[in-house]
Amino acid sequence: MIIDFHTHIFPDNIRTSREKYFDNEPAFKLLYSSPASKIAGVDDLINMMDENEVSLSVIFGFPWKDGKIASQNNDYIMESVARYPNRLKGFACFDTQWEGAAKETERCIKGGLCGVGELAFYLSGIDDTALSQLKPVMEVCLKYGNLPIMIHTNEPVGHVYPGKTPNTLEQIYKLAKTFPENKIVLAHWGGGIFFYHLLKKETKDILKNIWYDTAASPFLYDSAIYRVVREIGLMDKVLLGSDYPLLKPSRYYKDINESGISKEEKEKVMGKNAINLIRL
């Protein structure tokens with residue numbers, strides 16, 4: 001069973017008129033102003049899943065600053081899950097600066113969603129203000145059975161690209177330390193913080209409830225990253241995430257097959273770890 005843990009979809013009005021949503025949404029404009037930046041709907045996703053032998057995808061929209069737009073996108077996620085209950089699981093998404101974020105989290109959970117994300121701090125990084133804004137959402141997720149929360153992270157060095165935030169490893173570590181009981185999925189390999197599981201003191205405990213998805217990995221890392229994670233002992237914490245429509249899962253299959261990890265380890269990354277995390 002292949003599970004894609006990181007996909008984005010948008011309703012028709014956003015897909016057909018994206019430019020109308022650039023005003024007052026600098027992060028959306030940053031990522032989607034280029035016509036080459038693909039925007040997909042649920043039917044596009046289902047067709048892609050069939051082509052790539054994906055059994056189930058986790059879907060979410062975008063961390064909109066405008067609460068009304070965030071709610072509309074979340075409504076689309078809930079409608080899509082209701083339409084394809086055996087193929088899709090959904091997360092609620094919004095900008096945590098919105099004062100209605102915690103209530104929206106609760107509304108979406110009651111509406112059938114099973115987590116929150118991909119939350120992002122594109123302009124600020126995960127600073128102390130961001131952690132303060134996250135707290136009410138984290139509390140709601142704990143209240144409803146410790147539902148997972150996905151946070152956008154990225155490597156703090158290397159080439160610059162749209163969506164690369166000013167987060168630091170210290171900020172990512174403080175995120176885990178601030179919310180030690182929450183189940184947190186760090187997108188894009190957690191910016192590389194998984195390496196610090198090798199430290200002898202403190203970090204293994206601080207990072208015990210952290211998972212890592214592979215989103216954008218073919219653009220960022222050599223396929224050897226899977227072997228490195230195996231050597232560190234984290235194969236139970238890696239989730240296949242394509243970041244569709246940025247990439248399709250088949251591009252990840254290539255890297256995974258070239259990585260040299262075992263068949264059992266591939267099965268964990270491509271589905272079993274996700275099953276355990278979201279209790280399928």
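Bear in mind these aren't lab numbers, they're just calculated from the coordinates by the rules spelled out. Bear in mind that the values here come from a model prediction, so they are computed numbers and not experimental data. Reconstructed Cβ throughout: ideal geometry from the backbone, glycine too, with neighbour counts over all protein chains shown.
Brief remarks follow.
- Rounded FRET efficiency, nearest 0.05, which uses the C-beta distance separating I275 from Y253 and R0 of 22 Å: 0.75
- On the beta carbon distance between D43 and S17, with R0 = 25 Å, the FRET formula returns roughly 0.85.
- Over the C-alpha atoms of segment 3-277, the Rg to Rh ratio, Rh being the Kirkwood estimate, stands at 0.93.
- Considering all C-alpha pairs of segment 141-192, those separated by over 15 Å amount to 48%.
- Net +/- balance of residues flanking S259 in space, Cβ distance below 10 Å, scoring K and R +1, D and E -1: 0
- Gaussian network model of the chain, Cα within-10 Å springs - most flexible of F22, F60, F94: F22
- Alpha carbon Rg of segment 12-140, scaled by the compact-globule rule 2.2 N^0.38 Å: 1.06
- Radius of gyration and maximum dimension Dmax of segment 176-260, Cα, Å: 13.1, 39
- Per-residue 3J(HN,Hα) values for segment 142-150, derived from phi via the Karplus relation 6.51 cos²θ - 1.76 cosθ + 1.60 with θ = phi - 60°, read 5, 4, 9, x, 6, 6, x, 10, 9 Hz in sequence order (x marks Gly and Pro).
- Total formal charge among the other residues, if their Cβ is under 10 angstrom from that of Y221, Lys/Arg +1 and Asp/Glu -1: -3
- Sorted by Cβ neighbour density within 10 Å, fewest at the top, the residues V228, V185: V228, V185
- DSSP bridge pairs, the chain: antiparallel proportion in percent, nearest 5: 0 percent
- Among D95, D128, a tally of other beta-carbon atoms within 10 Å of each Cβ gives an order, fewest to most, of D128, D95.
- Within-15-Å neighbourhood charge of G117 [Cβ basis; K, R +1; D, E -1]: -4
- Taking the Cα centre of the chain as reference, the dipole from Cβ charges on Lys and Arg (+1) and Asp and Glu (-1) amounts to some 500 debye.
- In nm, spacing of pseudo-spin labels at N146 and E53 (7 Å Cα→C-beta vector): 3.4 nm
- Nearest-0.05 FRET efficiency for V160 and D222, computed from C-beta distance (R0 22 Å): 0.70
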